[in-house]
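So the structure is just underneath, and the comments pick up after that.
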Amino acid sequence: MGIQFNGIAGPAETRDWRQAITRGVKGRCPHCGRGKLFRAFLKPVDLCESCGEELHYQRADDLPPYIVITIVGHIVVGGILLAEKYADWSMGLHMVLWPALTLVLSFLLMQPVKGGVIGLQWAMRMHGFGGEPDRPERQPLPSPRPRS
């Protein structure tokens, strides 16, 4: 897979994954950094309005929620442990603060994390972002069962 130079395939242009992730986290096209990446809260656009890059290839699936759960879990559990060790808060305060913080952080982080995942996929040429559609994974044929 590569770029065509006078009919001869050459190496593919490199894509800066750090820049692509940063642009995705900001909700911008990983290619140009100008067009919007999302048309709704978690719905990416199919095509960048600025540069025309096709973004419908993205397959973020369940990775963004897993990353958000990990980040929020570390913050909340760390906060609970610190509060238990150094503060004398009532159980009512704990019951209001930690679930609310968990929900707020989860909603605030979900879109930027998904944008970062889409940016990484674009930079690594995953799922068709490299110009070739994904080929289905070949499954081995089942072994024949002996008849009795």
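The values are calculated or read from the model by the stated rules, or taken from the named source; none is laboratory data. Small disclaimer: the values here were computed from a predicted structure and weren't measured. All Cβ positions, glycine included, derive from the backbone under ideal geometry; neighbour counts span all protein chains shown.
Give the residue, chosen from PRO112, PRO44, PRO99, that is closer than 19 Å to ALA20 by Cβ and at pLDDT 95 or above. Step through it out loud before you land on a result.
Working: PRO44 fails: at pLDDT 95 or above; PRO99 fails: closer than 19 Å to ALA20 by Cβ.
Only one candidate qualifies: PRO112.
Pairs linking a residue in region 20-32 that is more than 13 Å from GLN121 (Cβ to Cβ) and touching a residue at least 60 places away in the same chain (Cβ under 8 Å) to a residue that is of a type outside the set (Val, Ile, Thr) and in a helix (DSSP H, G or I), with Cβ atoms under 6 Å and 6 or more positions apart or on different chains, are VAL25/PRO112; VAL25/GLY115; VAL25/GLY116; GLY27/GLY115.
Quick one: count up the residues across region 38-50 that are assigned to a strand (DSSP E or B) and free of Cβ contacts under 8 Å to residues at least 12 places away in the same chain.
Let us first name the residues in region 38-50 that are assigned to a strand (DSSP E or B), namely 38, 44, 47.
Retained after the next criterion (residues that are free of Cβ contacts under 8 Å to residues at least 12 places away in the same chain): 47.
Number of matching residues: 1.
Can you work out which of the residues in region 3-28 that are modelled with pLDDT under 80 and surrounded by 10 or more Cβ atoms within 10 Å (Cβ to Cβ) is farthest from LEU108 (Cα to Cα)? For region 3-28, the residue satisfying everything is ALA9.
Taking the options GLY92, GLY115, GLY79, GLY73, name whichever one is in contact (Cβ under 8 Å) with a residue 40 or more places away in the chain and part of a helix (DSSP H, G or I). Reasoning before the result, please.
Numbers: GLY92 fails: in contact (Cβ under 8 Å) with a residue 40 or more places away in the chain; GLY79 fails: in contact (Cβ under 8 Å) with a residue 40 or more places away in the chain; GLY73 fails: in contact (Cβ under 8 Å) with a residue 40 or more places away in the chain.
Matching residue, one of GLY92, GLY115, GLY79, GLY73: GLY115.
Remark: pairs (first residue in region 51-65, within 12 Å of GLY24 (Cβ to Cβ) and outside any loop (DSSP other than H, G, I, E, B); second residue at pLDDT 90 or above and among the basic types (Lys, Arg); Cβ separation under 9 Å; 6+ apart in sequence or on different chains) = PRO64/LYS114.
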